[in-house]
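Below: one structure, written as structure tokens.
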């Protein structure tokens, strides 16, 4: 714990120190007899997959807890425990991404080759995903077993994992190769995929962890959950918009939703607004890797003024979210929700 001195000054470096502590504990877990080879494998796998992202989900546990307690100066113990829960979310994210990349036959993730495409890894990555998943209860047991909310934490992670993998299933069975059918892409289907696949673990889970640590009962915070799920939906709509209209230099990747036949908010809106001729153009060109087909779809999006439709959606979503947040009786909960919304409103990447 001495490693955490000076924590308030630089949250990210403190957060990364906690990663090193947790990694070391996992590499010396007494439940398994490690060989040198297996320990090196797990360490390399963790370093490659867990800390490489923006760490927003994990860091927001710490931010949310601070705002809920209305204190900037957390104790060493509180900092360590909030960071630890944040890392459990990053571990969950790594587990989803390692397996998701295999399912999607992806090539790159976070600017480097997907883990399963690394030399000597291949489908061993499936088992690595299972290991990442199993590290979470090991970490929780090691640091929260004596806490009154320990069982609630286990329940929370299990439930969110179930919701996310069920959302992934809807997404996968909607885009089965050789059964491409645009007519099933509707707003209700889109919302279900997004809520379950993204919103629960990316938006609700960090705040729920902070609420449990603050001694709150999650059953009393259903409205907070609903607001965060709406926020997660708005976040994904932005993501879909940026995939097509964002600047690749700013967002750090070239969007491929059109080529990949994704159930994107843009294609759902295009189908809603198209006449028969435009629908025919979409059916003929959507989901094809040919750059000419992609260009036709993008031109149609412009003709249908989807940029204007998105701006309208963004403004009305923001207003709705703000009024839901301000209706919440607790000022500290309002602060948490506004902090989340502030990070994503009108983002460019």
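Quick notes on this structure:
- Counting every pair of alpha carbons in the chain, the share spaced more than 39 Å apart comes to 18 percent.
- Separation of the residue 326 and residue 141 label points, Cα + 7 Å toward Cβ, nm: 4.9 nm
- Centroid-to-centroid separation of the range 167-235 and the range 95-152 [C-alpha atoms, Å]: 20 Å
- Length-normalised contact order for the chain - Cα pairs under 8 Å, 6+ apart - percent: 16 percent
- Normalised by the number of residues in the range 221-311, the mean separation of alpha-carbon contacts (under 8 Å, six or more apart) gives a relative contact order of 25 percent.
- Potential lengthening between residue 40 and residue 280 on full extension [0.36 nm per residue; Cα-Cα distance subtracted]: 81.0 nm
- Ellipsoid equivalent to the range 223-307 - semi-axes via the Cα gyration tensor, in Å: 24, 17, 11
- Where only DSSP H runs of four or more residues are counted, the chain gives -22000 deg cm²/dmol as its mean residue ellipticity at 222 nm, each run worth -39500 (n - 2.57).
- Computed over the Cα atoms of the range 1-146, the ratio of the radius of gyration to the Kirkwood radius (Rg/Rh) comes to 0.99.
- At R0 = 30 Å, FRET efficiency that the Cβ-Cβ distance of residue 259 and residue 339 yields, to 0.05: 0.25
- Most mobile listed residue (79, 254, 89) in the chain, GNM with C-alpha springs under 10 Å: 254
- In the chain, the longest principal axis of the Cα atoms and the axis of helix 150-174 are about 20 degrees apart.
- Normalised by 2.2 N^0.38 Å, where N is the number of residues, the C-alpha radius of gyration of the range 243-282 stands at 1.35.
- Cβ-based exposure ranking for 312, 146, 90, in which fewest neighbours within 10 Å come first: 146, 312, 90
- FRET E, pair residue 249, residue 219, Förster distance 56 Å, beta-carbon r, rounded to 0.05: 0.80
- Crossing angle, helix 56-69 versus the chain [Cα axis fit, 0-90 degrees, rounded to tens]: 60 degrees
- Estimated distance in nm for a label pair at residue 226 and residue 162, the labels positioned 7 Å out from Cα along Cα-to-Cβ: 2.2 nm
- For the chain, the longest principal axis of the C-alpha atoms and the axis of helix 11-27 are separated by about 70°.
- Rg in Å to one decimal, and Dmax rounded to a whole Å, for the range 161-349 via C-alpha atoms: 18.0, 57
- Gap separating the Cα centres of the range 8-79 and the range 316-349, nearest whole Å: 27 Å
- Contact order, relative form, for the range 92-162: 30 percent (alpha carbon pairs under 8 Å, 6 or more residues apart, mean separation divided by residue count).
Read the figures in this text as sums done on the coordinates, not as results from a lab. Here the structure is a predicted model, which is why all the values come from computation and not from measurement. FYI the Cβ positions are ideal-geometry reconstructions off the backbone, even for glycines, and counts take in every protein chain you see.
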